[in-house]
Structure formats: structure tokens, C-alpha cells
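Visitor: First, the structure itself, so that you have it in front of you.
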Amino acid sequence: MDALLYSIPISLLLGGIGLAAFWWSIKNRQYDDPKGDAERILSDEFDDRPKQD
């Protein structure tokens, strides 16, 4: 029974931290351009491979 006294408040705190991080990411516009990212990954213009000498 003592485990519940510790685990419930800890889980609520961690859930609140996760929710706050989610709202922070929404507020800072992290999800604004998903279509641009989807098109950018298919483009040959941006190449992440290292250049060969």
C-alpha cells in the first residue's frame, strides 16, 4: 500500500511534465510544416551523405 502513496503522485507529476512539454512544442510551432518536411525528404536537392574526395 505504501507503494501507491509514492507511485501515484510520481506518475501524475511525470504526466504533467509530458503534457507541459507537448504544449510547449505546440506553442513554439514545432509542427507547422509537415508537408514541407515530407516533400523535402524525397528531394535530391538536400543530400545528407558525406562527399567523396
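What follows is calculated from the coordinates using simple rules that are stated; it is not laboratory data. Note that the structure is predicted; figures quoted are calculated from it, not measured. Cβ atoms come from the backbone with ideal geometry, glycine included; neighbour counts cover every protein chain shown.
Visitor: Starting at the first residue of the stretch 24-35, write each ³J(HN,Hα) from the Karplus equation 6.51 cos²θ - 1.76 cosθ + 1.60 with θ = phi - 60°, in whole Hz, x for Gly and Pro.
Guide: Couplings: 4, 5, 5, 5, 8, 6, 6, 10, 7, 10, x, 5 Hz.
Visitor: About the Cα centre of the chain, what is the dipole size in debye to 20, counting +1 per Lys and Arg Cβ and -1 per Asp and Glu Cβ, all else neutral?
Guide: The dipole of the chain has a size of about 320 debye.
Visitor: Let me ask something else. Among I41, W23, S7, whose Cα lies farthest out toward the positive end of the dipole of the chain, if unit charges sit on the beta carbon of Lys, Arg (+1) and Asp, Glu (-1)?
Guide: Of the listed residues, the answer is S7.
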